Each structure stands twice: as C-alpha cells, then as structure tokens.
Amino acid sequence: MSVTTRADQYTHPRFTLRVACIAAAAAAVLLVGCGDNKEKAASQTAAKVNKEEITVHQINFVLQQQRGLRPEQTEAASKQILERLIDQELAVQKATDQKLDRDPRVVQQMEAAKREIIARAYVEKVGETASKPTPDEVRKYYDEKPALFKERRIYNLQELAIEAKPEQVDSLRTKLAEAKNVNEFVEYLKANEFKFAGNQAVRAAEQLPLASVDNFARLQDGQAVLQPSPNGAQVIVLVNSRSQPVTLERATPAIEQFLLNDRKRKLVEDEVKRLRGESKIEYVGKFADGAASAPAASPAPAPAPAPAPAASGLDASSISKGMGLK
C-alpha cells in the first residue's frame, strides 16, 4: 500500500459528510493548492485546526453545492459550513492518528468515491454537447401534451394501498368496477379481511408520473383506477378536479430544460453503448453464466418527484420535477 500523504487526509469521509461529497471537496482543494504559493494560501485561510488550515476555497466549494441559496444567506451559510469543516478536520486528524485512513474498508470507500466522481465528470462532459431546443420544438411539445399545459388540471385523489396475492388482483379490479363508490369498495375490503392503508393527496398534473398524465386526464370525477403493486394493488380514486391551464410562455423554461435533459440522457446512453461495443468485456466466474443474454447497463431513470401540496400556479421548477427532472 502506498504511503498516505498530507493531502490524502482530506479525503476521509465517514465522520461528518458523505464519502462522495468529501472526496469531491478534497479534489477541489488539491487542485487549488497545486498552483498556490504559501503566501497566497495563507491569505485564503479561514481557520486553523491545530497545524492544519481550512481555506476559503473549501468553504466556497461546499457553498456551490447549496441549491437555492440566496445571496443574503451566503454569509450565514459560510459560517455554518466552516464549523462543519472544523468538526470534520478534527475527526480526520484523530482518524489519521489512529491510521483509520489505511483501513481497507476506508480505502475501498475512497477509491469507489473517486471512481464515481471521475465517471460522473465524463458523463457530464458528454451531456454538455446536447443542443438547446428550438422555439419550434418547445411549441411542438407544448401542443402534444395538452394534459400538462392547455388542459392542465389539479387532482384531488384518494389512494388505497392494498395487501393482496397476485391471483387476487383481478377479483379486486372486478369488485372496484362493480362498486357504486369507494366507500362500498372499502367495505368489501374490510369484510374480506384485506389489509389496506388509505391516503388523500392533491396533485397537479406535473406532479404525476409523466407516463400516467394522459390516463388521469381521461378520468372523470368519481372514477377510479387499480394497478398492481409489489405488495398487492394500488387503487387511486379521482375525488374531484379543477382546471388550471398554463400558457406556452410560462411553460417554455420548463419544457426547454426537460427536452435538454432528455437529450443529455440519450447522448449518455448512446455513449455507453458505443464504449461497450468498442471494448473487450469478459465476465468471469459466476458472473459468466448468462452474461451474454444480460441487458447492457444504462443510466438509472431520474427519481420520481416527492409528493407536493396543491399548486396554486406553475413554475419551471415544479413542472420539471413532474417531468422526471431533479
């Protein structure tokens, strides 16, 4: 194992911040330090922890990761970040004294973080080549998605998560269709000792899964849909809804961002396929079985947006989340 340098001490992540974030911060600090002389580094010192320094560059790097931070909040946030970095540095120093930075598990975690950061940098570089959507492309998307824009609605939903065996799902669907209302269906569940949990929510069209928006748009107030779930079935009842359309002008920033992100995703997928096609990949041992028929790995889809309260309007942020964007 190679000897740990002083710079390596700043890559230990397991005490106050996550591995990836600290590894990224350490990389930034190293890059800054390479070209600075001692006099310049001293001028950028924010605090000294024993014999080690915490620099303004480290604070600024963490600040850059804070999304939605307003200018007037910067000073207070900087002080909070500095305190966290001081706590972190104290932990790093004690960990180094105890040679925890040489622990095989810690070394493995740091190497994994480093690989992830470098790979992500390449993916981002590939995505930077995506072209911005034209006004005609934005309008075309707007016109093709009336449920999101021209005919946008706010849905008041009642949700039932039902525990059931796979062979019971069809009978539940039949009983739901026969029920006069959701209360009658709930009584059926109780009578037949189905375990279920209910929930009510208000969702704007952009807060629904993108693939389900058109289906919800076709529902009338009082109608319900049932779909299988890992533990049984989920029933969603449209209690009522109200119309709240959005203009092309207001929707344009969100549509532009969505289309741009979608192009970036496709570029990355194509690049991964190209790299796999040009490389020699050999599966070994138990991984060799069935490897030829296994599908190629592709970037994971963006996570579904978290449930949100009823929307009184529409902005680029909210509609981008509903489209699957972060």
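The values are calculated or read from the model by the stated rules, or taken from the named source; none is laboratory data. What you are looking at is a predicted structure, and each value in this text was computed from that prediction instead of being measured. With ideal geometry, Cβ positions are generated from the backbone for all residues, glycine too; neighbour counts draw on all protein chains shown.
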Going residue by residue through the stretch 87-107, is there one that turns out to be at pLDDT 95 or above, of a type in the set (Lys, Arg) and either in the same structural domain as Glu269 (by TED's automatic domain parsing) or touching a Phe, Trp or Tyr at 6+ places or on another chain (Cβ under 9 Å) (or both)? yes
Residue identified as surrounded by fewer than 19 Cβ atoms within 10 Å (Cβ to Cβ), closer than 30 Å to Arg263 by Cβ and in contact (Cβ under 8 Å) with a residue 60 or more places away in the chain among Ala201, Ala217: Ala217
Does Tyr155 meet the test of being among the aromatic types (Phe, Trp, Tyr) and within 11 Å of Val237 (Cβ to Cβ)? yes
Residue check: is Ala113 surrounded by 12 or more Cβ atoms within 10 Å (Cβ to Cβ), more than 30 Å from Glu256 (Cα to Cα), modelled with pLDDT of 95 or more and of a type in the set (A, V, I, L, M)? yes
List the number of the failed condition for Asn261; all other conditions in (1) outside any helix (DSSP H, G or I); (2) touching a residue at least 40 places away in the same chain (Cβ under 8 Å); (3) farther than 14 Å from Phe149 by Cβ hold. (1)
Residue pairs, Cβ under 9 Å, 6 or more apart or interchain, first in the stretch 184-195 and closer than 12 Å to Ile162 by Cβ and without any contact (Cβ under 8 Å) to a residue 60 or more places away in the chain, second surrounded by 12 or more Cβ atoms within 10 Å (Cβ to Cβ) and β-branched (Val, Ile, Thr). List them. Phe185/Val235; Phe185/Val237; Leu189/Ile162; Phe194/Ile162; Lys195/Ile162
On the basis of being modelled with pLDDT under 95 and either of a type in the set (A, V, I, L, M, F, W, C) or exposed (fewer than 15 other Cβ atoms within 10 Å of the Cβ) (or both), does Thr134 make the cut? no
